[in-house]
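The values are calculated or read from the model by the stated rules, or taken from the named source; none is laboratory data. Quick caveat: nothing in here was measured; it's all calculated off a predicted structure. FYI the Cβ positions are ideal-geometry reconstructions off the backbone, even for glycines, and counts take in every protein chain you see.
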Amino acid sequence: MRIFTPTLTVEQLERAKGYVVPYIFTENYFHILKAKLNHKRLSINEQYYYNHAIKKKIEGMMKLFDLEKRMNISTRGLIKEGRIAAATSLIKKYSRKHKNMKILISGSFLYKEKYNDIDIFILSKYKKEDYKDGKVHINFLPADVENTLFFRSISAISVANFTFSEAAVKERFTLADILHLYEVVILLMMQNDEYTSELRELILRAEYTSHQIILDSRELKNFVDKVKISKKPIEYLNKYMVAKIINSSTPNTIKKVLNKFIEKNKMPEKGERMYPNWKIYNQTYQEAMKVVTS
């Protein structure tokens, strides 16, 4: 039900109390909804009432008044003035071309004064090629993308023509997954190759794995920019990775994974020298090892 939470506030709910209690909600249901809007933890019984009664009533009202066709606006306060109307217009335009498709707009177009392009994401059951239409970049995503870390990140600040699934992120990332991706990013940096996409994925997964935090597109871009404008981006990233590694799992698990990677990166093939990037990896891993073993 994320479609109503950006526009329904506790203050609005309080003002409407005389109209909704007891005609739509009981006093108890009213307080449960108020607690939900205040992001308070609900008891098992309260969560049951919310999911099976309160939420159903709201869904019924939305259908009755045709509110489900309104745009789903996430984190309205971070979106620049005028961009919601512009995004709504774009969604309507591309809805005519991609009929009955779920369409979402995210990215710097919504929250920055200056932007390079406009990212539009379309959920599709069929694999399609992305394309550009002037400044607009159309990205096709699989229909089951909604419970992924990537989608939860881009939808955190967005305008869409559909409500989002409330299902938890189903993906699971191990420390080994994070370290493999870290090594790819470092190698790309050393080769002066483009690494923005890989770095974004690394940061997104590292934050989620170590702190269960899902960065929105603005937070993610800000961190990527900090790395890229740093005078010593590799050192900057290495310090960041040490902090994420030591919070990624239990000390024993971390030590096992780090030992495995350290051994892997200090054994070149016979007659081969140790590559410079291997030394960088192991320096980061050894610094993290000192912390977890202290």
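Couple of notes before you dig in:
- Number of the exception - M71 against (1) modelled with pLDDT of 90 or more; (2) under 30 Å from V20 (Cβ atoms): (1)
- Residue under evaluation I186, criteria (1) among the aliphatic types (A, V, I, L, M); (2) out of contact with any Leu (no Cβ under 9 Å at 6 or more places or on another chain); (3) surrounded by 18 or more Cβ atoms within 10 Å (Cβ to Cβ); (4) touching a residue at least 60 places away in the same chain (Cβ under 8 Å), criterion not met: (2)
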